[in-house]
Amino acid sequence: MAMSEKKEKETVTKTDPEDVLELHDLKSWFYTEKGIVKAVDGVNLRIPKGKIVGLVGESGCGKSMTARSIMGLLKFPGRIAGGSILFDGKDLAKLGEKELRSICGKDISMVFQEPMTSLNPVLKVGRQVSETLLVHNPEIGREEARKRVVDMFGKVGIPEPEKRYDSYPHELSGGLRQRVCIAMAMICRPKLLIADEPTTALDVTIEAQILKLMQQLCAESGTSILIITHNLGVVAEICDEVYVMYAGRIVEQADTFELFDHVEHPYTKGLMASIPRIGKNPERLYTIPGVVPNLLHLPQGCAFCTRCPCATEQCRTEKPVLTEIREGHWSACFLNQAKSE
Amino acid sequence: MKQIVKRLLETIVVLLGVILLIFIMLRVVPGDPVTTLLGEHVNQQTIDRLTKTMHLDRPILEQFFLYVGGLLRGDMGQSYKYNRPVTQMIMDAFPYTLALAIMASIFAWALGLILGIFAAVKQNRLPDHLFMGISLFGVSMPVFMAALFLQYLFAFKWKVLPLKADGSFLSMILPAIALGWNSAGSVARITRSSLLEAMQADYIDTAKAKGLLGRAVILRHALKNSMLPVITMMALQLSSMLSGAVISETVFAIPGIGRLATSAIENRDMPVLQGTVIFTTVIVIAGNFIADILYSVLDPRIRKAA
């Protein structure tokens, strides 16, 4: 407990110059008629320069809402209820719409889950990409923008980039559309790319290509990535650090090797066990029993206690706090914490 | 292109069907045009002669083909009442209706689009409730009431605009507002709901994530996507206005298509009625045709399917 307090104090007051983005105690709440839904409830997260950070969890655990909070895309009745989003010495949570939009697309960009719907169906894809460029650099002019977009299309592996510039989204396959989205996100060489389940809607064969492409482009321009996924395979593939999220909170955090070597939190263990593996051929795939609890009626103690195989009386009454249980490995579980002491 | 030719052919079939239907209906209704035309005190000889010149003694099918043949030459027959070519009468009346329809449409669309867009942008706030209240008022107010009300205030009480339409621009303002009022309301409501729907789409988030500000997001990304249902409604409105605004034309004494049709009904002037109905049909079909073409201009997916 003492350790966690120390960490919280540290993170709130000091920002690390090596970090491109820091979330401090971020709270994104939805004020619904039935009550307050705490979709993101006190998330601390740091994205170091040039690193790839994974944010993992089931559907509805708040990982997309974390990303949307950063971009100022929370939909009514949701809003940032507390905490800060530090980027470049500014707190994005407190910026006005105009200032925030001048950062979005230029310094922080986003790739969405559904390439089918995230492109505007009535505009040419090239125009949609050059628009990003022109919004932030109106001085370069349309001709130059077109040239740069065609260049970028080539870089992201779109065949016949010159011709594809004038295509409409429905004329492209899902994989190509996602490449367009990546081109759109990378065209201004941002400092941070947020990828919200970028490969979920794609074929598995395309998935690896897209991940590799993002990795390679970001390495070239020194861009950090926050990748949001429910797929631990994706994490193992490209991430340097992993945050596991459950019911609006971070439950475990470590670098990728550490996490895969020593899974601590029972929830992460459950996630790992549900990965299908070649070679092992069980009758049924493992699933974590139960569903993500209703965020309106969270259990009094640990949010995972209703599904946790090793929940104790303490878990049902007290909320565990994210605590460092080993060098660089944090877990919000009483059992892990007891073990480490 | 192929699609357009196909649509044109379909159109011709529809048109022939409508002509046939009108032709039969007007012959089924009781009342002999010859006696209507001649009055009561005439001898049988005169009646027979007139029946013959009007081809009314021929079988109905032959009459139909004679009529269609005439149509192809632009001849819609002679008015029973005025003894003038129907085509001429329609062409004389149409400019009034056209001017009225264009002015009413411009008024309705400009007002409707502006109110609708504003209401959508300020969703659930005061301007939204205010504008939607106004447009509900517009949708639910009957044209004759709006017309009489406007006439009373502007022409009778304040005397700023003429009471009767005389073909001048000023005299058309009141009828155009009376006629467009209704349409403005429906355009505003459909624009608002369609725009709000478009604002929920994923590509709107993409646009915001690019760094576009609110106004650019709406104008560049949401508006074009939300226009399809609005265009449909506008095309239908325009063609219905062009086919004669019976009430506004009557209240303001405008000698347009609507007036022509109503007086033809009152006078049992069959050829005129037949002519106006066919003319109206052509206009409505043309309106829909134009709307279809506009769709594919707006939405590349439709263009591809076509």
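Laboratory data are not the source of any read-out in this text; all were calculated from the coordinates shown. Given the structure is predicted, the values throughout are model-derived calculations rather than measurements. We place every Cβ from the backbone using ideal geometry, glycine too, and count neighbours over all the protein chains shown.
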Distance histogram for the range A:221-335 (every C-alpha pair counted, 5 angstrom bins, percent rounded to whole numbers): 2, 11, 20, 22, 20, 14, 8, 3, 1, 0, 0
Entries in A:Lys124/A:Lys212; A:Lys27/A:Lys75; A:Lys49/A:Lys191; A:Lys124/A:Lys163; A:Lys75/B:Lys210 that, when Cα-Cα distance is taken, lie over 20 Å: A:Lys124/A:Lys212
Loop-resident sites, the range A:27-57, for trypsin sites (Lys or Arg not before Pro), counting at most 11 other Cβ within 10 Å (DSSP): A:Lys34
Cβ-based exposure ranking for A:Lys269, A:Lys106, in which fewest neighbours within 10 Å come first: A:Lys269, A:Lys106
Share of alpha-carbon pairs per 10 Å distance bin for the range B:16-75, given as whole %: 19, 47, 28, 6
Sequence-distant aspartates and glutamates (8 or more away, or on other chains) whose Cα lies within less than 14 Å of B:Lys164: B:Glu249
Mean separation of Cα contacts under 8 Å, 6 or more apart, over the residue count of chain A: relative contact order %: 20 percent
Cα lying deepest toward the dipole's positive end in the protein assembly as shown, options A:Val125, B:Gly69, B:Leu111, charges on Cβ: B:Gly69
Candidates B:Ser140, B:Ser183, B:Ser243, ranked by Gaussian network fluctuation over chain B, Cα under 10 Å, top entry: B:Ser140
Relative contact order, percent, chain B [alpha-carbon distance under 8 Å, six or more residues apart]: 23 percent
Cα point-scatterer Debye curve for the range B:167-306, base-10 log of I(q)/I(0) at q = 0.10, 0.12, 0.15, 0.21 Å⁻¹: -0.50, -0.66, -0.87, -1.22
Chain B, Cα convex hull volume normalised per residue, Å³: 164 Å³
Table column - 3J(HN,Hα) (Hz), the range B:76-82, Karplus curve with 6.51, -1.76, 1.60, x for Gly and Pro: 9, x, 9, 5, 5, 7, 9
Value of [θ]222 nm, deg cm²/dmol, for chain B, DSSP H segments ≥ 4, -39500 (n - 2.57) each, nearest 500: -24500 deg cm²/dmol
Compactness index (Cα Rg / 2.2 N^0.38 Å), the range A:197-238: 1.11
Bins of 20 Å from zero: percent of alpha-carbon pairs in the protein assembly as shown: 15, 35, 25, 17, 7, 1, 0
Helical contribution to [θ] at 222 nm, DSSP H n ≥ 4, -39,500 (n - 2.57), averaged over chain A, rounded to 500: -10500 deg cm²/dmol
Cα-Cα separations in the range B:237-306 greater than 13 Å, expressed as whole percent: 68 percent
Choice from B:Ile90, B:Ile254, B:Ile265 with maximal GNM fluctuation in chain B (Cα, 10 Å cutoff): B:Ile265
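If I take every Cα pair under 8 Å that is 6 or more residues apart in the range A:117-187, average their sequence separation and divide by the length, what percent do I get for the relative contact order? Kindly include the intermediate steps, with their values, before the conclusion.
Details: 81 pairs, mean separation 31.3, N = 71.
Worked out over the range A:117-187, it gives 44 percent.
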Debye equation applied to the C-alpha atoms of the range A:252-307, log10 I(q)/I(0) at 0.15, 0.22 Å⁻¹: -0.58, -0.97
Max mean-square fluctuation residue, GNM over chain A, Cα-Cα springs under 10 Å, options A:Val56, A:Val242, A:Val37: A:Val37
Fraction of the pair-distance distribution of chain A above 28 Å, Cα-Cα pairs, percent: 44 percent
